[in-house]
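Q: Let me give you the structure first, and then I'll get to my questions.
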Amino acid sequence: MTLHNLLNKTLIYILLMFITSLVSVQAKTYHFAYIYGLVDQEVSVIIMDKVYQRLGLGFQATPLPGLRAQQQANSGAVDGEVMRIFAYGGQTPNVIRVPTPFYSVITMGYVKKGSNIKVLDKSSLASYKLVKVLGVKHTDLISDEVDPKKIYNAHDPLKMMRYLQSGGAQIALTNPLEGTVVLKQLGYNNIMRL
């Protein structure tokens, strides 16, 4: 084997090692947490997966209860969390806010038909027993002036609406998409938006 052939083989080997290392860098997988059972979060996971695929990056998402998802993101156990509102950033100092231009959230109250409940503003909520999903920031913010003894935190949206249906609460707080999907899933016709 000549010196020229040896140098060519060495150069090819070095190039292959370099290319292999580039492929492994591009194949990095990012791991996110999201709140299980929430429709908007599950839709966001689908969108983010497609975006990461287009970027040549791996994407993995783990469903967790809201507070645990926040803790995992803040501690660095996961790379981030899917779909949180702006105020979440202040409560989770170890994450970087990345605005989502495709989504905004509205908090909606749901009540049993015929309940004659009127909510004119945020302070009106203090007069009622509420139910919401634990760890969902927009419902935490709108109910932050309500006595915690008057709030039941359900572990998922189905349990939230079942609790309202059973009479345990007078108002369920969620977003319109979530409320519509859950009511249809449960077949409840006697619960309406405020």
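The values are calculated or read from the model by the stated rules, or taken from the named source; none is laboratory data. Please read these numbers as outputs of a predicted model, since none were measured by experiment. Quick reminder, even Gly has a Cβ in these numbers, built from the backbone with ideal geometry, and neighbours come from all protein chains shown. Just so you know, the surface numbers come from the protein's heavy atoms only, side chains and all, with ligands and any DNA or RNA stripped out. Shrake-Rupley method; radii C 1.70, N 1.55, O 1.52, S 1.80 Å.
Q: Let me spell out the model: positive unit charges on the Cβ of Lys and Arg, negative unit charges on the Cβ of Asp and Glu, origin at the Cα centre of segment 90-194. What dipole size does that give, in debye rounded to 20?
A: 300
Q: Something else: 7 Å from Cα along Cα→Cβ at both LYS149 and VAL98: what's the point-to-point distance in nm?
A: 4.4
Q: Turning to a different aspect of this structure: Ignoring any ligand, DNA or RNA, what whole percent of the accessible area of segment 71-194 comes from carbon and sulfur when the probe is 1.4 angstrom?
A: 54
Q: Suppose every Lys and Arg Cβ carries +1 and every Asp and Glu Cβ carries -1, with no other charges. What dipole size does segment 26-182 come out with about its Cα centre, to the nearest 20 debye?
A: Charge dipole of segment 26-182: 300 debye, to the nearest 20.
Q: When the convex hull of the Cα atoms of segment 66-194 is projected onto a plane and the area is averaged over all directions, what value comes out in nm²? Walk me through the intermediate numbers first.
A: On the way: hull surface 33.3 nm².
Average of the hull's projected areas for segment 66-194 equals 8.3 nm².
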